[in-house]
Every structure is written in structure tokens, then in C-alpha cells.
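Student: Before anything else, here's the structure in question.
The values are calculated or read from the model by the stated rules, or taken from the named source; none is laboratory data. Model, not experiment: these values are computed from the prediction. Every residue, glycine as well, gets a Cβ built from its backbone with ideal geometry; the counts of neighbours run over all protein chains shown. These accessible areas exclude ligands, DNA and RNA; they are computed on the full protein's heavy atoms, side chains included. Shrake-Rupley method; radii C 1.70, N 1.55, O 1.52, S 1.80 Å.
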Amino acid sequence: MLKIIVPTMMLIPLTWLSKPSMIWINTTAYSMLISLIGLTYLNQFTDNNLNFSLLFFTDSLSAPLLVLTTWLLPLMLMASQHHLSKETLTRKKLYITMLVTLQLLLIMTFTATELIMFYILFEATLMPTLIIITRWGNQTERLNAGLYFLFYTLVGSLPLLIALLWLQSNLGTLNLLVIQYWTQPLLSSWSNTLLWLACMMAFMVKMPLYGLHLWLPKAHVEAPIAGSMVLAAVLLKLGGYGMMRITILLNPLTDFMAYPFMMLSLWGMIMTSSICLRQTDLKSLIAYSSVSHMALVIVAVLIQSPWSYMGATALMIAHGLTSSMLFCLANSNYERIHSRTMILARGLQTLLPLMAAWWLLASLTNLALPPTINLVGELFVVMASFSWSNITIILMGINITITALYSLYMLITTQRGKYTHHVKNIKPSFTRENSLMALHLLPLLLLSLNPKVILGPIY
Amino acid sequence: MNLFTSSILVTLFMLTLPIMMANTSMYINKLYPRYVKTTISYAFMISLIPTMMFLHLGQDTMISNWHWITIQTMKLSLSFKFDYFSMIFVPVALFVTWSIMEFSIWYMHSDPYINRFFKYLLLFLITMMILVTANNMFQLFIGWEGVGIMSFLLIGWWYGRTDANTAALQAILYNRIGDVGFIMAMAWFLTNLNTWDLQQIFMANHENLNIPLIGLLLAATGKSAQFGLHPWLPSAMEGPTPVSALLHSSTMVVAGVFLLIRFHPLMEHNKTLQTITLCLGAITTLFTAVCALTQNDIKKIVAFSTSSQLGLMIVTIGINQPYLAFLHICTHAFFKAMLFMCSGSIIHSLNDEQDIRKMGGLFKALPFTTTSLIVGSLALTGMPFLTGFYSKDLIIETANTSYTNAWALLMTLVATSMTAAYSTRIMFLALLGQPRFSPIITINENDPHLINSIKRLLFGSIFAGFLISYNITPTTTPQMTMPHYLKMMALIVTILGFILALELNLMMQNLKFKYPSGLFKFSNMLGYFPTIIHRLMPKTNLLMGQKSASTLLDMTWMEKILPKSISHFQMKSSTAVSNQKGLIKLYFMSFMLTLTLSLLTLSFHG
């Protein structure tokens, strides 16, 4: 594990000691190299896990998320170059340091063995994210967004701390490798119900569950590009990851406790998708689409069948890459038009044909075109929910339809039609941007060839 | 037997070559369209080898290679099924595509992105091939969605036009509703049969198959534009004419029917579903034929006629004759593609004029197109010994002699007679009489690309039906004996349609409607369907999205209940509890008072 953590830490001195002209290229190249180390963990040759030390381990659930995290840092660095170009050197370095710190914490979160350490790191990721949002966001509303972000997640996760302390005193350990064997079935009582809620709510807020999702669109819209990317791609997945880890402690309560949350998610994914149809703000649209996709993950995790877990894991990875790519595309529009409003950036296909191709591919992956891993994820979730209850196919079906609709609505509005006059003198797309999109899309396509590496623990 | 699989794989592989070439300098070459066309023609010829072998030996083949993934107990691998349906459809589709590609070289020659257009058409063809040869539902779904997306891209080819974009989105939306049915069927098969492989699915117990079959029927309804989900097909005519000829007449839209044909082993024992299918098909064929009667856009008429024929195919499946439906798919491909190409030729010659009221007298100016159009229309109406006859006549005969729902069959018969009526209308208004187009148009149909491509399909429209039905092994016993009037029924209603339409056209040509009648409006406004469904539904949904989902719930209630109310209560309670009220004057006054008082007391004390 140190071979990932130490190089990631060393990225910070690298940033501060690099020549001013080299800070971006150095960090990007080195973080890309670091992400290559992680790729080996995708090969889980045993059924259980890879133990690195007493503190860190990875199994087939965390390995894909770990790889996603390490893969995303170079992409975030590439994406942020432009909007920081007017900042002073120290601020640039500080910004990169923030991203690296966040990365470090995320890596450790995904590989932590102890639940309490997981909790601490889970909370610690809030700080760099908060700083990224509130310091480098573009508008004044970023402060409000930061507040929402912090308070929603904190209020959700504080009960988890208490629950974990109680579990520790009850079970004697919080080691993830051990508790699955030591855990006792929970009796159905009020206190256990509260325990269930305390354990799950932290992750539900993080996911976010419909109803507790208000922080997400705000944070996404106000965050700078790297913030949006990491939020959509990795931070939301912390919720799904945590839920999948902690549900082993909560059986058999999940069977009936899940109902209200399932209902909320199933209902919420339709509501958020239909909000997407009416969005004028590009980033907000993508953010709401994230909420809708994450609702699927919540449903899948709560159903707790092998297929649903596989679907949830695959969907998390697929959505991580897709939504991050969509944010990058939105940002490339924003850097040219200086507005997130979709109607101001119409008909860009005429001017930026290659970018239009990226838009098309991103939209198609977002609407889960077969055989991408997005489809694998969504299909498995739909299968699981269908076998859980046949009626859910109606809601899922509506959601599938609306997802296709808003993805293509976004594509048509931004790329098709006649371009507006004020976009005539925009910059062409840079190699940096094109390679950024390609680096998002390549893993998506390659994983479609062999999706089993991201299908998670049950596979 | 090796020749069979290897040649069919060569056929499929060849199609991907021009796509791979898109990365090389070949793609920026002006000859790329010809290269694509030639590749397809070679693929067609090679595909004849396995088809011949199949016809000769009658042997189904299944290839399973490249294991993709095994999930728990389910294995998914790349696997192809070369049976009766795929082996006959592949050469037909390749032949039609070959002609359409050649036609597109002429039709799209001034388009700056003609190479991309060809790449898209070819990608579409590949997905279609995946669809028809797939042996498991996942692979079928890849092809299924692939043709949908390619249709989106091709309808929206002229992306500067709002109409094209709307039509593309509409196509995707209706197809997506169908996809939900497909996914439902997949989910059911997975949960209950634990397999997506076709032959394993067909071994299923034939009871309680309602859910997956309804799913499949919904999927077919979406893809084949059956009643309820039909409006996208006429709207899709916004795309270039080659696209209409390839996707929206001969290949993609029959995918739904093809799906039902594929799954007929499950359907043939389910009476409920067959009745639903029959009624759906009958409604579709009648309704769209009614709509076609009063349209003025030549492409719209042909599109509605396609829809009507698709309805006829669904009817055929409803009366449990999937092989006949399949035969009709194959024969229909030839003349319908040709009809579209003829209308493309007319439209191009008349400077993008699509209104048949502004045509007329084209038989002098475009003799070849006229010939083909008339032959195509006759084949469409099922004139004896043209291609359409071999399938359509059989279908009507079988329908007439079957004991199922008589109303549905009567509706089909009426629709058949209307086929003749609207075909006459096209011929009468576009080809005969006096020219009504502006005289400066330079009409020229003498481009070899145009002539050859239409000619090839013309031969197809005359002979293909005979060749196909002569060669294929008979699969269902045809009805051998029937009364004279039933035998002649198909012909009689068609001729009746012709005569009626001719008389009506002759009589009405110089008359003017005072007021359009209610029936006319119903037909011309497409049964008010788009007006109602395309206004009301999206409006309510979008309004709900805006008002209740976004404004009411997200922006008001959730924000009020959690964050706003918490901060509000905090603020209120803190002000209530706190001593500090911000009364500066009072504080200063009391401060001053204490100060002065204490000073006074001090000074007095002192």
C-alpha cells in the first residue's frame, strides 16, 4: 500500500519544488504513473482480498474504486489547468496540494481495514473538498454550497460515529476482515432500528438519497471543475462503498428497514430525472443526473442480492467516469462561453466537431448504450429489482426513458442546431482537452470488453 | 460444412473493414463511398454462399466464440445463430443496402460529410447484422440499441434543422419506451430461466409467459412503430432519403417484427398474446393506411404505407404465421426501398419538392423513375406475380381462412384495399396529368448510380418474391382449398381500391372542397394523435418536472424543511435566549449612568 501512498505524498514536494512551467506536467505525469501501480490490484487472484498491512487491504469491491480514484487525479489536474492560468504560482501549487491531499485521503479511505479509521478518513475528505469548493469556486454562492455540503454530510455522519463506538464495544472489533465472521443478527427492536439508521444515514446523505440531495447540485454547480469531477466520480461512491461494507453488520434488519429508502430512491430517481429535463444550467443537469444514477445504486445496495451488488459496483465505476467526463465537457464549454447556461452554447458541432464526438459518446454512455459498462451496471440493477418486485420495472422503465431523453436533450441543445453569434470566435479545442476526454472514455470502452474486474465482491 | 461458417464470418467481418479504414487516409479520400459500396456488394455475394448451402441443406448453425463473461450461473459469450431467419435476411439486407449505398452516392454527392454519412450507414448495417444473427438476448440488445442510436444520428443528419433534431429525439424516445419492454423480458428470462441464450429460452415451459411476451410485444411496438408508438416513423422522414429507404422501410423498422418472429416458439402457444398482437397489428395497418390516404408529402405517404405493411406483418404473427411474416419482411424490403429511392429521385429532380400536389406529369420527364415507381406500387399492392404477391396474397388468404377475430381480419382487408388507393394517389398526382412544378427545373435521372441502383431493386421487386418463395423450404402447410371468393378476395379488394381511388382522383381533380370533412381532417391530422400525445404528454410531464419536482419539492419544501428551517430556528432561539439585543443606546445610557453614578458616589465619598 505504501507504494501508492508514499508516491502520492511525494507529489506535494514535487509540486512545490517544480519549476513554475513544469508544475502541471510534472504532477500529471507522476500521478498517471501512480495510477498505473494501482491497476495491478484489479487482478484479484484470490477470492477474499489482498492484505497490505494491518491497516490497509483491498478486495474486489474497493480495488476498482481505488483505481478510479488514482486514475482521476491526473485527469483533474489536466482539467484544471485553464481556469487556474490567471492565478499566482503559490495559489496554483496550493490548489494542486489540495487535490493531492484529497487523493491521499481517498486512497486511504477505500483501503482502510478498520471501520473507525474508515470513518475518520471519510470525514477528513470533507476538508480538502470544502476548501476546493469554497476557495476556488466561481461565484459567491459557493459559500452557501460549502455550508450545505458540510452540514448535510456532518449531520448525517455524526450518528455513525456513535454507532461505531457502540459496535466496537459490543463486537470487540471493527476490523472489516473480522466483523463479517463475528457479527450477530440484530434483533428487531427500536434501538437496533436506530442503529441501522445511524449506520446508513451517513452514506445515504453522501450518495445522496433523494430528499437529502440538496447539497449535491449546489456543490457541483459551485465547485471548480476538479471539485465537480472528484465529487461526482469518487466522493459519491464513498457512500455506496460504505453502505456495501456496513450492511453486513445490519442483517436481518435491512430486509424491512430498506422499504422507505427503496421507495424514496425509486421515486426520487424519476423526480430528479424529470428535473434534468427542465434544467437550463448544464452543470446542474449533470449533477441531477448523478442523483438519479446514484438512486439506482442505493436501490441495488438495499436489495442485497449478488446481482444487485455487482450492478451497484459496476454502475458506480461507470458513472464515475461518465459523469466526470460530462463535467469536463461542460467545463470546456464554460471556458469558452463563460456561462453554464445551455442555451448560450448551442450548435457547437459546427465549430468543434471533435468535441461533438466526445459529447456524443459521453451522452451515449450516460444513457447506458449497450455494451458499455453503464449498461452492465444498470441492467444488473434492473434485473435485481425486477426479481425483488416485478412492479419496480415500471419505475425503472420510466427512469430509463427519461435518462435517454435528457441525455440526448443535452446533446442536441449543446451540439445540434444553429450556433449562436457570440460563439463564432471561440477557441478551438485543445489537445489537452481532447486527451482528457479520451482518457475518460478509454477505460469505459476497455472495461466493456472485460467488465468482470469491476463487478465487485460477489462475482 | 466449414465453408458455411467461414464464409458467413467473412461476410460479417468484411463489413467492419471500411469502419477500420476510417482511421486511415482512405477516409479522407473521395472514393470512400464507392469503397463502402463495393465492400457491401462483395459481402452480399459472399453471403450468397452460406445462404445457398442453407437452402440446400436446411441446417441451422450456431457459432459460439469469445467468452465474454460468466456471471454466477450465467454464461455470456459472443455467439451467432445462423438459422432460417438470419440466413435469408442477411443477403436480402445486404442487397438492399448495396443499392441504397449506390443511390446515396448520387443523392448525397454534394454533402461535405458524405464519407461520414457512409460510415454511419455502414455502422447501422453492422448493428442490424448483429441484431439478426444474435444468439443471446444481450447481443440482440446490442444490435437493438445500436440500430436505435444510428437511427438517431441519421435522422438528425442535417443537425442544423430543428425539425430533424426533434424527429431524431422523437425516434429515440419511442424506441426507448420499447426498450423498456425488451429489458423487462430480459429480466424475466434471467430471473425465471437463468439464461439469455435463445435456444435455452425456447425450451421454457409454455405457461405463464405473459410478462416476457408482453415485454417483447412492447419492444416490437416501439421499434416497428405499431399503433400507440407509431408517430416517430413518419417524423423520421426528416432524415435524408437514403436513410428513409434503408432504416425506415426495409431494415431497422422490421427489427420489431423480426424479434417477434425470433421468439415465436414462445408465442405460438400463448393465445392471449396472439390476440393482442393480432388486434394491435390490425389497428396499426388500418390506422396508418387511413393516415396515408390524405397526406401530401410523398415521403410521408410511403412512410405510412411502411407502417401499414408493418402492421400487416404483426397481424400475420397474430394469426400464428411467423414464417409468412418473415417472407413479407424480405419481399417488402425490395419494393419499399425502391419506392423511397424513386421518391428520392423525384425530390432531388424537383429541387427538394416533396408535395405531390406540386408534381404531376413526371412520366414524361422521368420515365425510368416512373416505371420503377409504378412497378413498386403494384408490387406493394400485391399484384400477381410481382414480389409482393408471393407474401401478401398468402397472408391475406391465410387470414381469410383462419377462425380468429373476424373484426381484426376485416380491418386488415380494408387496409389492403387502401394500400391500392394511396398508391394510386401517388401515381396519379405525381406521375400523370399536367406538370405543376416550376418549369425551370432541370430534371435529370441519367446518372448511372441512380439508374443502376434503382434497376437492381426493380429486378428485385419483380423477381425476388418468386425466387425466395421458390427456393425456401415450406415451413407451414399453406391452406390448399378455399372458396373462390376467398381466394380472389385479396385481388378483388386491391382492384377495388385502385378503381375507387382512380375514380375519386379523376372526379376530384378539378373540384374544391368547401370544407374539409371530419373524416378528412382525422386522416390528414394523423388521427389527432400527434396533436394530443405530443402536446399534452410532454407538457404535463415537463410541467410536472418544473413545478412539482423542481420548484415545489426541491427548491421549496426540501430546502425549507431541512436547511432553512434549521437555520431559522437556530437564529430565533439564539436571539430569544441571548441577553444581547443590540440596543446600543440603552447599553451606552446604562454604562454612562453607572459611570456617572459611581463617579459621583466616589467623589462624594472622597
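Student: Look at B:TRP144 and say whether it is in a loop (DSSP other than H, G, I, E, B), open to solvent by less than 30 Å² (accessible area, probe 1.4 Å), under 30 Å from B:MET14 (Cα atoms) and within 12 Å of chain A (Cβ to nearest Cβ).
Tutor: Numbers: in a loop (DSSP other than H, G, I, E, B): no; open to solvent by less than 30 Å² (accessible area, probe 1.4 Å): yes; under 30 Å from B:MET14 (Cα atoms): yes; within 12 Å of chain A (Cβ to nearest Cβ): yes.
For B:TRP144, the condition - in a loop (DSSP other than H, G, I, E, B), open to solvent by less than 30 Å² (accessible area, probe 1.4 Å), under 30 Å from B:MET14 (Cα atoms) and within 12 Å of chain A (Cβ to nearest Cβ) - is not met.
Student: On to the next question. Go through the residues of region B:194-210 one by one and say whether even a single one is part of a helix (DSSP H, G or I) and without any contact (Cβ under 8 Å) to a residue 12 or more places away in the chain.
Tutor: Our first condition is that a residue be part of a helix (DSSP H, G or I); within region B:194-210, this holds for B:198-202, B:210.
From the residues that got through so far, the ones that are without any contact (Cβ under 8 Å) to a residue 12 or more places away in the chain too are B:200.
Among the residues of region B:194-210, at least one is part of a helix (DSSP H, G or I) and without any contact (Cβ under 8 Å) to a residue 12 or more places away in the chain, which makes the answer yes.
Student: Give me the pairs: first residue in region A:264-288 and facing another protein chain (nearest Cβ under 8 Å), second residue of a type outside the set (Val, Ile, Thr) and outside any helix (DSSP H, G or I), beta-carbon distance under 7 Å, and six or more apart or on different chains, which are they?
Tutor: Between residues of region A:264-288 that are facing another protein chain (nearest Cβ under 8 Å) and residues that are of a type outside the set (Val, Ile, Thr) and outside any helix (DSSP H, G or I), the close pairs are A:MET271/A:TYR210; A:THR272/A:TYR210.
Student: While we're here: B:MET544 is checked against (1) at the interface with chain A (Cβ under 9 Å from one of its Cβ atoms); (2) under 30 Å from B:ILE283 (Cα atoms) and fails just one. What number does that condition carry?
Tutor: (2)
Student: Please list, ordered by first then second residue, the pairs with beta carbon atoms under 6 Å, 6 or more apart or interchain, first in region A:95-111 and free of Cβ contacts under 8 Å to residues at least 40 places away in the same chain, second not in a helix (DSSP H, G or I).
Tutor: Close Cβ pairs satisfying both conditions: A:LEU105/A:THR125.
Student: Then there's this: If you scan region B:116-141, which residues turn out to be within 13 Å of chain A (Cβ to nearest Cβ) and either touching a residue at least 24 places away in the same chain (Cβ under 8 Å) or of a type in the set (Lys, Arg) (or both)? Break it down stepwise before answering.
Tutor: Our first condition is that a residue be within 13 Å of chain A (Cβ to nearest Cβ); within region B:116-141, this holds for B:116, B:119-120, B:123, B:127, B:130-131, B:134, B:136-141.
Correct list: B:ARG116, B:LYS119, B:TYR120, B:LEU123, B:LEU131, B:ALA134, B:ASN136, B:MET137, B:PHE138, B:GLN139, B:LEU140, B:PHE141.
Student: Taking the options A:ALA258, A:ALA300, A:ALA330, A:ALA318, name whichever one is within 14 Å of chain B (Cβ to nearest Cβ) and not acidic (Asp, Glu). So that I can check it myself, show each step before the final result.
Tutor: Values: A:ALA258 fails: within 14 Å of chain B (Cβ to nearest Cβ); A:ALA330 fails: within 14 Å of chain B (Cβ to nearest Cβ); A:ALA318 fails: within 14 Å of chain B (Cβ to nearest Cβ).
Result: A:ALA300 is the single residue among A:ALA258, A:ALA300, A:ALA330, A:ALA318 that is within 14 Å of chain B (Cβ to nearest Cβ) and not acidic (Asp, Glu).
Student: Cβ contacts < 9 Å: first residue more than 14 Å from chain B (Cβ to nearest Cβ) and without any contact (Cβ under 8 Å) to a residue 40 or more places away in the chain, restricted to region A:438-451; second residue of a type in the set (Gly, Ala, Ser) and exposed (fewer than 12 other Cβ atoms within 10 Å of the Cβ), any location; separation 6+ or different chain. Result?
Tutor: Short answer, once both residue conditions are applied: none.
Student: Follow-up question, since we're still on this one. Within region A:241-284, which residues are farther than 14 Å from B:ALA549 by Cα, at pLDDT 90 or above and aromatic (Phe, Trp, Tyr)?
Tutor: A:TYR241, A:TYR259, A:PHE261
Student: Only residues in region B:410-435 that are on the phi > 0 side of the Ramachandran plot count as the first member; pair them with residues that are open to solvent by less than 20 Å² (accessible area, probe 1.4 Å) and assigned to a loop (DSSP other than H, G, I, E, B), Cβ under 8 angstrom, at least 6 apart or cross-chain, and list the lot.
Tutor: Taking only residues 6 or more apart or on different chains, the pairs are B:GLY433/B:GLY360; B:GLY433/B:GLY361.
Student: Please tell me if A:GLY347 is modelled with pLDDT under 95 and within 21 Å of B:PHE138 (Cβ to Cβ).
Tutor: Numbers: modelled with pLDDT under 95: yes; within 21 Å of B:PHE138 (Cβ to Cβ): no.
No: the conditions fail for A:GLY347.
Student: Separate question: Just a yes or no: is a residue in region B:345-359 modelled with pLDDT under 95, open to solvent by less than 10 Å² (accessible area, probe 1.4 Å) and charged (D, E, K, R)?
Tutor: no
Student: Consider A:THR153 carefully, then state whether it is open to solvent by less than 10 Å² (accessible area, probe 1.4 Å) and hydroxyl-bearing (Ser, Thr, Tyr). Full working, then the answer.
Tutor: Numbers: open to solvent by less than 10 Å² (accessible area, probe 1.4 Å): yes; hydroxyl-bearing (Ser, Thr, Tyr): yes.
Yes; evaluated as a whole, the condition is true for this residue.
Student: If a residue has to be within 20 Å of A:PRO306 (Cβ to Cβ) and in contact (Cβ under 8 Å) with a residue 60 or more places away in the chain to count, how many in region B:178-193 make the cut? Spell out how you get there, then give the answer.
Tutor: In the first step, residues of region B:178-193 are kept if they are within 20 Å of A:PRO306 (Cβ to Cβ); the result is B:183, B:186-193.
Subsequent filtering for residues that are in contact (Cβ under 8 Å) with a residue 60 or more places away in the chain retains B:190.
Within region B:178-193, residues that are within 20 Å of A:PRO306 (Cβ to Cβ) and in contact (Cβ under 8 Å) with a residue 60 or more places away in the chain number 1.
Student: Filter region B:55-67 for residues that are open to solvent by 40 Å² or more (accessible area, probe 1.4 Å) and either touching a Leu at 6+ places or on another chain (Cβ under 6 Å) or away from chain A (no Cβ under 14 Å) (or both) and give the result.
Tutor: Looking only at region B:55-67, we keep the residues that are open to solvent by 40 Å² or more (accessible area, probe 1.4 Å), and these are B:55-60, B:62, B:64-67.
Hits for region B:55-67 are B:LEU55, B:HIS56, B:LEU57, B:GLY58, B:GLN59, B:ASP60, B:MET62, B:SER64, B:ASN65, B:TRP66.
Student: Is region A:229-247 home to any residue that is without any contact (Cβ under 8 Å) to a residue 24 or more places away in the chain and open to solvent by 10 Å² or more (accessible area, probe 1.4 Å)?
Tutor: As a first pass, look at region A:229-247 and keep what is without any contact (Cβ under 8 Å) to a residue 24 or more places away in the chain: none.
The answer is no, given that none of the residues of region A:229-247 is without any contact (Cβ under 8 Å) to a residue 24 or more places away in the chain and open to solvent by 10 Å² or more (accessible area, probe 1.4 Å).
Student: Would region A:326-339 turn up any residue that is farther than 30 Å from B:ILE69 by Cβ, at pLDDT below 90 and in contact with a Phe, Trp or Tyr (Cβ under 7 Å, 6 or more places away or on another chain)?
Tutor: The answer is no, given that none of the residues of region A:326-339 is farther than 30 Å from B:ILE69 by Cβ, at pLDDT below 90 and in contact with a Phe, Trp or Tyr (Cβ under 7 Å, 6 or more places away or on another chain).
Student: Filter the helices (runs of 4 or more DSSP H) completely within region B:481-551 down to those with at least 3 residues that are farther than 17 Å from B:ALA289 by Cα and open to solvent by 100 Å² or more (accessible area, probe 1.4 Å).
Tutor: Values: elements: B:484-508, B:518-524, B:529-543.
Answer list for region B:481-551: B:484-508, B:529-543.
Student: Tell me the residue from A:THR90, A:THR134 that is closer than 14 Å to A:PRO224 by Cα, modelled with pLDDT under 95 and open to solvent by 10 Å² or more (accessible area, probe 1.4 Å), please.
Tutor: On the way: A:THR90 fails: closer than 14 Å to A:PRO224 by Cα.
Only one candidate qualifies: A:THR134.
Student: Just to be sure I understand, how many residues within region B:214-243 are more than 10 Å from the chain's Cα centre (by Cα) and part of a helix (DSSP H, G or I)?
Tutor: 12
Student: Please pick out the residue among B:MET74, B:MET45 that is surrounded by fewer than 21 Cβ atoms within 10 Å (Cβ to Cβ) and closer than 26 Å to B:PHE4 by Cα.
Tutor: Working: B:MET74 fails: closer than 26 Å to B:PHE4 by Cα.
Exactly one of B:MET74, B:MET45 is surrounded by fewer than 21 Cβ atoms within 10 Å (Cβ to Cβ) and closer than 26 Å to B:PHE4 by Cα, namely B:MET45.
Student: If you scan region B:155-179, which residues turn out to be among the aromatic types (Phe, Trp, Tyr) and at the interface with chain A (Cβ under 10 Å from one of its Cβ atoms)?
Tutor: To start, the set of residues in region B:155-179 that are among the aromatic types (Phe, Trp, Tyr) comprises B:157-159, B:174.
Result: B:TRP158, B:TYR159, B:TYR174.
Student: Would you confirm whether or not region A:303-311 contains a residue that is surrounded by fewer than 24 Cβ atoms within 10 Å (Cβ to Cβ), more than 15 Å from the chain's Cα centre (by Cα) and more than 14 Å from every other protein chain (Cβ to nearest Cβ)?
Tutor: Yes: region A:303-311 contains one or more residues that are surrounded by fewer than 24 Cβ atoms within 10 Å (Cβ to Cβ), more than 15 Å from the chain's Cα centre (by Cα) and more than 14 Å from every other protein chain (Cβ to nearest Cβ).
Student: Here's a follow-up. I'd like the residue in region A:442-459 that is open to solvent by less than 10 Å² (accessible area, probe 1.4 Å) and assigned to a helix (DSSP H, G or I) and, out of all such residues, is nearest to A:GLN304 (Cα to Cα).
Tutor: Here the residue is A:ILE454.
Student: B:PHE152 versus (1) within 10 Å of chain A (Cβ to nearest Cβ); (2) crowded, with 21+ Cβ neighbours inside 10 Å; (3) over 13 Å from the mean Cα position of the chain (by Cα): which is the lone unmet condition?
Tutor: The number of the failed condition is (3).
Student: Something else: For region A:364-388, which positions are farther than 15 Å from A:ASN399 by Cβ, at the interface with another protein chain (Cβ under 10 Å from one of its Cβ atoms), out of contact with any strand residue (DSSP E or B) (no Cβ under 9 Å at 6 or more places or on another chain) and part of a helix (DSSP H, G or I)?
Tutor: Within region A:364-388, A:LEU364, A:SER387, A:TRP388 qualify.
Student: State all residues of region A:161-213 that are within 14 Å of another protein chain (Cβ to nearest Cβ) and either modelled with pLDDT of 90 or more or surrounded by 21 or more Cβ atoms within 10 Å (Cβ to Cβ) (or both); if no residue qualifies, say none. Full working, then the answer.
Tutor: Just the residues of region A:161-213 that are within 14 Å of another protein chain (Cβ to nearest Cβ), to begin with: A:201, A:204-205, A:208-213.
Those that are within 14 Å of another protein chain (Cβ to nearest Cβ) and either modelled with pLDDT of 90 or more or surrounded by 21 or more Cβ atoms within 10 Å (Cβ to Cβ) (or both): A:MET201, A:MET204, A:VAL205, A:PRO208, A:LEU209, A:TYR210, A:LEU212, A:HIS213.
Student: Let me ask another. List, please: which pairs have Cβ atoms under 6 Å, are six or more places apart or on different chains, and start with a residue in region B:350-366 that is more than 19 Å from B:ILE301 (Cα to Cα) and end with one that is open to solvent by 40 Å² or more (accessible area, probe 1.4 Å) and not in a strand (DSSP E or B)?
Tutor: Partner pairs satisfying both residue conditions: B:ALA365/B:ILE443.
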